Amino acid sequence: MTQSNQLIIFDLGRVMVDICDNWQEAALRAGVELDASDYRKAHEQINGPLLTAMETGQTDIDQFAASVSALVNKPAADIKAVFLKWLKAPMPGMVDFVKQLKADGYKTACLSNTSHMHWDMMLDPTSEHYLALDEIFDYPMASHLIGIMKPDDEIYQHAQKHTGFEASQIVFFDDNHANIAKAQSLGWNATLITQDKLVLEQVKAALKM
């Protein structure tokens, strides 16, 4: 298979950019005191319907922050500050590597469950989280723009229809077991990224580079 007949798709969080492991870590980075017991009580709501609504584009960060604020008894401004700190630094070497893939003739894409706020941060050249998504990816795709989240079948089908590539032509990297399992069930060549090795090393090994 030639480079132009192969599409390489990357998740963003923990593949292209490092992210916090949990709300407590993000709160610490934001300088916000978040009561662990309050958070645990609201965990299912926050990481269930509230996050899903925001990451499918149904609500924005202000609506999300207001809803979480009511659950954990913290000002909405604090919740927004925590979410702003969720993204950390770009994964070492990954932006340059994807740029080189494009230069070598590969088609590249991202397919991420994310929000408008985090997406905009990764598109902002003045942000420490800048990934130049619109430059390094031929097909930048995200749940909040599509209205569907991984691992729903429809988001993978959307990716194929949008890019024009068949399942057998797609190589996919993600850090989530469920997302990888669904991609594999649909015929994608999918590789799970783990946190015990550099992401760049894992991607190069999978691509035999």
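A short reminder: the numbers here are calculations on the coordinates, not readings from a lab. A quick note: this is a predicted structure, and the numbers were derived from the prediction, not measured. Don't worry about glycine lacking a Cβ; one is built from the backbone with ideal geometry, like all the others, and counts go over all protein chains shown.
Using alpha-carbon pairs under 8 Å, 6+ residues apart, how would you state the relative contact order of region 23-84 in percent?
42
Taking neighbour counts of Cβ atoms within 10 Å as a proxy for exposure, in what order, fewest first, do 114, 56 appear?
Sorted ascending by nearby Cβ count, the order is 56, 114.
Hey, for a label at residue 45 modelled as a point 7 Å past Cα toward Cβ, could you say which residues of region 61-105 have their backbone N under 18 Å away?
61-80, 83, by backbone N distance to the label point.
How long are the three semi-axes of the equivalent ellipsoid for region 41-99, computed from the Cα gyration tensor as the root of 5 times each eigenvalue, in whole Å, largest first? If you can, show how the numbers build up before the last one.
Values: eigenvalues 151, 36, 22 Å².
Over the Cα atoms of region 41-99, the ellipsoid semi-axes are 27, 13, 10 Å.
At each listed q (0.09, 0.12, 0.14, 0.16 Å⁻¹), what is the log10 of I(q)/I(0) that the Debye formula gives for the chain modelled as equal alpha-carbon point scatterers?
-0.35, -0.63, -0.84, -1.07
Would you give the gap between the C-alpha center of region 3-70 and the C-alpha center of region 143-209, rounded to a whole Å?
Between the Cα centres of region 3-70 and region 143-209 lies a distance of 20 Å.
From the P(r) of region 2-62, can you give the percent of Cα pairs sitting at distances over 16 Å? Display every interim value, and only then the final one.
Values: 1198 of 1830 pairs.
Within region 2-62, distances greater than 16 Å cover 65 percent of Cα pairs.
Once you keep just the Cα pairs under 8 angstrom separated by 6 or more residues, what percentage relative contact order results for the chain?
Averaging sequence separation for qualifying contacts and normalising by length gives 27 percent for the chain.
Of 80/197; 85/161; 41/197; 80/150, which ones are farther than 28 Å apart at the Cα?
Cα-Cα > 28 Å for 80/197; 85/161; 41/197; rest within.
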